[in-house]
Amino acid sequence: MKPSSILATFSSRNLLFKYTRPTMSVVEKQAHSTAINSFNLNHQDYDAFRPSFLKELVDPFLVQLGLGQYDSVTNKYKFDTTKTIVEIAAGTGKFTRNLVDNGFDNQNEINPDNLIIVEPSQGMLTSFKKNFPQIQSKNVYQASSYKIPLDDNTADSIIIAQGFHWFSDQDSLKEISRVLKPHGTLGLIWNFDYQSNSQDTPIEKAKFFNGGSHYFNSIDFSQYPHGTSAEVAFKDYFDKQPWSEKVCELIYNYDLGVPQYRHGKWRQSLSESESKHFHPIAQELFALYDKLIKKEDVYPYWETRSYITELSDSEKKNVKDQINQIIKDSITKESTPFTDKGDDRLLKPMATHAVVVPVKK
């Protein structure tokens, strides 16, 4: 598999682009300073504090992408590791771990290039290569979604974990479509911790999985009227832990100027692309799970966000102090439900959202 002749390299993982018009008639894109700096600086903290992705959701997600099958008799998944996955914005490999564990590890005799990594941040790639030495160096590219260094019709599926919102425009979607094979799929997946219009899909059209949630069995999704958005159910879910909800509301005052999953603009981009490069969303899947977190780790978790990383030291201290005050004022016995087992960590409700989009080729 030969890379294309022109390789675009960028120093940021999460690419937020602004447009500038040079003296030539061609419009150039430049990486935003927030994106340039944050993930090169904090890739180690990102790897330490950001959550991974649940097998309970990832496995059926991969099946929906056409990468495997589920055997209802044995209750097991089997994946076709002769197929080729391209993971864009792979970061430190939070999602990649699931792919490698399922056999997409460059060890398949028929297709030794069954996993190809495209990541724009050198810092992220430094951590990635330490985490996944088995992925051949020829299959790891420092590049972006705007110029993928691969031939046309290379990938059976392209997967983007925790990143599509940064580059969810028609230029990216056109390039992603080019690299996908006919009948290929685009898979998008995010972890999230607060309700938003990104979950604006009818409950009855989505699939829900229990990834180990303290509250999953207490939520009756059938109780909601037909046509109710999943966002409504997730508000009820995240209300279960007021301390976490209040911290989210504090932090999300800082993300208004940068693209984020919760803003939901990625949905509009996919809708605009339906007549050009992709069919409508074929499937949406959600998983609910718990994140147990030490009180002292709540701020470091949030500091891995690009818009917090870029704050001044004094601003960061102010955010940290407010978080600590919220925890002090808002935690209850329900906030630490496992103290009887010697575990005094806070329970933070979390969820994962996966989206399957077929290419139009």
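Of note:
- All of (1) among the aromatic types (F, W, Y); (2) within 17 Å of the chain's Cα centre (by Cα); (3) open to solvent by 70 Å² or more (accessible area, probe 1.4 Å) hold for Y254 with one exception: (2).
- Selection of region 257-292 for residues being open to solvent by 70 Å² or more (accessible area, probe 1.4 Å) and basic (K, R) yields K265, K276.
- One residue stands out in region 175-191 among those that are part of a strand (DSSP E or B) and open to solvent by 10 Å² or more (accessible area, probe 1.4 Å): the one that is farthest from L150 (Cα to Cα), namely N191.
- Within the set E245, E272, the sole residue that is modelled with pLDDT under 95 and in a helix (DSSP H, G or I) turns out to be E272.
- Number of residues in region 102-124 that are open to solvent by 10 Å² or more (accessible area, probe 1.4 Å), at negative phi and either in a loop (DSSP other than H, G, I, E, B) or touching a strand residue (DSSP E or B) at 6+ places or on another chain (Cβ under 8 Å) (or both) equals 9.
- Residue in region 78-96 that is modelled with pLDDT of 95 or more, more than 30 Å from G257 (Cβ to Cβ), open to solvent by 40 Å² or more (accessible area, probe 1.4 Å) and assigned to a strand (DSSP E or B) present: yes
- Restricting region 195-230 to residues that are in contact with a helix residue (DSSP H, G or I) (Cβ under 7 Å, 6 or more places away or on another chain), of a type outside the set (A, V, I, L, M, F, W, C) and open to solvent by 40 Å² or more (accessible area, probe 1.4 Å), the residue that is farthest from E245 (Cα to Cα): H226
- Residue within region 137-155 that is buried (at least 21 other Cβ atoms within 10 Å of the Cβ) and in contact with a His (Cβ under 7 Å, 6 or more places away or on another chain) present: no
The values are calculated or read from the model by the stated rules, or taken from the named source; none is laboratory data. Not measured: the values here are computed from a predicted model. Neighbour counts run over all protein chains shown; Cβ positions are idealised from the backbone, glycine included. Just so you know, the surface numbers come from the protein's heavy atoms only, side chains and all, with ligands and any DNA or RNA stripped out. Shrake-Rupley method; radii C 1.70, N 1.55, O 1.52, S 1.80 Å.
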